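Here is the structure we will look at.
The values are calculated or read from the model by the stated rules, or taken from the named source; none is laboratory data. These numbers were taken from a predicted model, which means no experiment stands behind them. Here the Cβ positions follow ideal geometry from the backbone for every residue, glycine too, while neighbour counts run over all protein chains shown. The protein model used for the area step is the full one, side chains on, heavy atoms only, and it has no ligands, DNA or RNA in it. Shrake-Rupley method; radii C 1.70, N 1.55, O 1.52, S 1.80 Å.
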Amino acid sequence: IDFDLILENVKYLNLLAGEGSSQIKHTLQGARLQQPEPVPLTLYHNGIVMCNGAFRPYQDPSTQQCLQDIMDGYFPSELQQRYPDGV
């Protein structure tokens, strides 16, 4: 696992997802600015935790696929159901 590549690509993907920008959210009183909701990812020496979920060891195939997506420069495919319109 190339942790340097993962960190580099996470920074890039965060920019693509709108980190530091605000979106207009319409309310009953008008509108307000809202920042996109982050997707937490914590890397450990033996696994990850994503979206405040359960610990996932690196040997788990779904964890390997998630990290491979990130290393390839893509958002993890497992987030497609949670964010069908994109992150």
Revision key, fill the gap. To the nearest 10 degrees, the tilt of helix 3-16 (Cα long axis) against the first principal axis of the alpha carbons of the chain is 20
Revision key, fill the gap. Contact order relative to length for the chain, counting C-alpha pairs under 8 Å separated by 6 or more residues, stands in percent at 22
Practice item. Give the label of the value calculated from the structure for Rg and Dmax of the Cα atoms in Å, choosing from [x] 15.0, 50; [y] 12.6, 41; [z] 21.9, 75. Key: [x]
Exercise for review: Could you sort 44-54, 66-76 so that the peptide with the highest average Cβ count within 10 Å comes first and the rest follow in order?
Suggested key: 66-76, 44-54
Review point. Can you give the accessible area per residue of the stretch 3-82, in Å², using a 1.4 Å probe?
Key: 73
